[in-house]
């Protein structure tokens, strides 16, 4: 597998709150402007059986299914970009009692992983450059789902 993207950043909420809020994937368009809509099955918070689709800016659609689920520490889902299988890993670590370190990686495998994967990674990275600060600000200013 080829690593395309790696982001390591901190949000100003405890680990369980970060997990609870990010597991509500249908709410992601509030901070990730490139995501226009999310369809998740089953609806609600992520589970080990979750699968779904993102409708992205420009009308692009991206589907995924859960491949690793270890609440509240990690989930990884997998989807396709043309001929490339893409793995999206989301790790949650306590930075301290009030902050959570998020480590997100995107890896690719399959025919075209080195070429198409690099193009996909560049686009994904550009979207994260905008989305991560929005997520951090939203978590600082909005009470969590349990508040």
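What is the extension gain from residue 140 to residue 57, computed as 0.36 nm multiplied by their sequence separation minus the C-alpha to C-alpha distance, in nm to one decimal?
Numbers: separation 83, 0.36 × 83 = 29.88 nm, distance 2.58 nm.
Taking residue 140 through residue 57 to full extension adds about 27.3 nm, to one decimal.
Over the Cα atoms of the range 85-147, each weighted equally, I'd like the Debye log10 I(q)/I(0) at q = 0.14, 0.17, 0.25 Å⁻¹, rounded to two decimals.
Listed by q, the Debye log ratios stand at -0.56, -0.75, -1.12.
Given 10 °C and 1.306 mPa s, compute D for the range 1-90 with the Stokes-Einstein relation, Rh being the Kirkwood radius over Cα pairs; round to the nearest whole µm²/s. Working shown, then result.
Values: Rh = 14.0 Å.
Rounded to a whole number, D works out at 114 µm²/s.
Before rounding to the nearest 500, sum -39500 (n - 2.57) across all DSSP H runs of length at least 4 in the chain and divide by the residue total; then give [θ] at 222 nm in deg cm²/dmol. Intermediate results must be reported in sequence, preceding the final value.
Values: 2 runs with 34 residues, N = 147.
Value at 222 nm, helices only, nearest 500: -8000 deg cm²/dmol.
Compute the Rg to Rh ratio over the range 53-98 from the alpha carbon atoms, using the Kirkwood formula for Rh, and round to two decimal places. Intermediate values should be presented prior to the final figure.
On the way: Rg = 13.7 Å, Rh = 12.3 Å.
For the range 53-98, the value is 1.12.
Per the Kirkwood definition applied to all pairs of different Cα atoms, how many angstroms is the hydrodynamic radius of the range 42-147? Mind showing how you got there, number by number?
Numbers: mean 1/r = 0.0647 Å⁻¹.
About 15.5 Å for the range 42-147.
What FRET efficiency comes out for residue 27 versus residue 83 if R0 is 30 angstrom and r is the Cβ-Cβ distance? Round to the nearest 0.05. Can you show the working numbers first?
On the way: r = 31 Å, r/R0 = 1.04.
Here the calculated transfer efficiency is 0.45.
Could you tell me how many degrees, from 0 to 90 and to the nearest 10, lie between the Cα long axis of helix 116-141 and the main elongation axis, the longest principal axis, of the Cα atoms of the chain?
So the inclination is approximately 10 degrees.
Read the figures in this text as sums done on the coordinates, not as results from a lab. Small disclaimer: the values here were computed from a predicted structure and weren't measured. Methodologically, a virtual Cβ is constructed for each residue, glycine included, from the backbone with ideal geometry; neighbour enumeration extends over all protein chains shown.
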